[in-house]
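I have placed the structure first, in the form of structure tokens, so that the comments after it can refer back to it.
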DNA sequence: GCCGCACTAGAGCGATCACTCTAGTTGCCC
DNA sequence: GGGCAACTAGAGTGATCGCTCTAGTGCGGC
């Protein structure tokens, strides 16, 4: 078993979150991970980009689990939303505005620079949206309603992270959380209304990808 | 007059928007601007960081004017919101997912790395919020209501930019725009309700900074 | 014991990083 | 037209970039 490989990914994840992809050097990674330089290229022969892709997927999976934990089956989505944003705000604050989204910085940096890394961030974001979708559908929304709401929740979180880190004011995340919770409540109330129309409950049997 | 100085800033702005601060080299900047290398350090003696700060403020001011244009006095804020997000979605799409927020990438990169640059991004974001606040207060909201809504609009825009660039799907920005317009409509409806309570119209004479 | 492989260890590669320095050119003021 | 500041121009600085390469170590299977 290779603890070194894991340490490399963990160190990279922390550095990426704080200073992004191009702001993080390979040397800094191996020093942080207390790993020998040669080991990095043993485990990731394709170099920094391969380690980056792996780190994005790993960080994304962990954050995705966190989302799943808050929105766990049976939890009220409105309360889950409020609690999730409040917890995020607290983390941002306690980490001195370093720890917000683990991959947002990298996602913006690589979007027009590296297709493999861009794809990794896209897959992670898509998985987060799917997790949210699933729980919102469980709460009674149609797939279409759920997806629209998921995109809003994602955007409110990520956007408020940017604002909070730039201004060093974590209350922006809490404010976005209130708006997010309100949006969830409104959507759930609409759901009750729409129940009357059977055609609306199953608007499509299969989702087609966005064009 | 120094067209060279302007060209340097414009080139830097475009490069920052697409590839961020650390992904953009000084050499690449002077080549893009068709400026001699020496001129860069003539106009910006403190180097890349000074040019970066100037670029952030300039890009921010231009984008701020754009916000002001859409929400101009007399315009319905709901319609303005829908139009602004739709226009943003179109720009993102037409630029092949390169042009979204001019400073978001840099803002995340420098938040924990450079205090002067972080401050520049914070000032820009704050000015955008203030612009939105002003127009929303004109539409009848209290300062408190307006600020909360501005933060939501900002977050929905910036967050959906991240998602759109990563997934190469500009419809996310449109979706966030619908949610944003709905939030504005709801806030304006609440305003009518709250008009009945005079204490709510002027909840505070002076805003205290977030703690 | 010892072979073979996974992994460690770090010196050193060319390229590029932000930046400095000197020299030359331009154009306005007197 | 002489003087001077503003600006142009690019060669060259040390440091760092991502990465390659060779040598060595540790350990399980036979």
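Assorted remarks:
- Test result for residue A:21, under 23 Å from residue B:114 (Cβ atoms), outside any helix (DSSP H, G or I) and within 16 Å of DNA strand D (Cβ to nearest atom): yes
- Counting only residues that are within 15 Å of DNA strand D (Cβ to nearest atom), more than 14 Å from chain A (Cβ to nearest Cβ) and surrounded by 15 or more Cβ atoms within 10 Å (Cβ to Cβ), segment B:46-57 holds 3 of them.
- Residue satisfying condition, being in contact (Cβ under 8 Å) with a residue 40 or more places away in the chain and surrounded by fewer than 18 Cβ atoms within 10 Å (Cβ to Cβ), within set B:16, B:43, B:37: B:43
- Residue check, residue A:61 away from chain B (no Cβ under 14 Å), farther than 22 Å from residue B:19 by Cα, away from DNA strand C (no atom under 12 Å from the Cβ) and not in a helix (DSSP H, G or I): no
- All of (1) surrounded by 14 or more Cβ atoms within 10 Å (Cβ to Cβ); (2) more than 15 Å from DNA strand D (Cβ to nearest atom); (3) assigned to a helix (DSSP H, G or I) hold for residue B:11 with one exception: (2).
- Single residue of segment B:24-45 satisfying the filter (within 13 Å of chain A (Cβ to nearest Cβ) and in a loop (DSSP other than H, G, I, E, B)) that is farthest from DNA strand D (Cβ to nearest atom): B:24
- Checked across segment B:65-77, the condition of being near DNA strand C (Cβ under 10 Å from one of its atoms) and either at pLDDT 95 or above or at negative phi (or both) holds for no residue.
- Criterion violated by residue B:97 - all others in (1) more than 11 Å from the chain's Cα centre (by Cα); (2) within 16 Å of DNA strand C (Cβ to nearest atom); (3) within 24 Å of residue A:160 (Cβ to Cβ) satisfied: (2)
- Output for segment A:164-185, where each listed residue is assigned to a loop (DSSP other than H, G, I, E, B) and either at the interface with chain B (Cβ under 7 Å from one of its Cβ atoms) or under 19 Å from residue A:139 (Cβ atoms) (or both): A:169
- Odd one out for residue B:6 among (1) buried (at least 18 other Cβ atoms within 10 Å of the Cβ); (2) within 24 Å of the chain's Cα centre (by Cα): (1)
The values are calculated or read from the model by the stated rules, or taken from the named source; none is laboratory data. Note that this is a predicted model, so its numbers are computed, not measured. Virtual Cβ from ideal backbone geometry, glycine too; neighbours counted across all protein chains shown.
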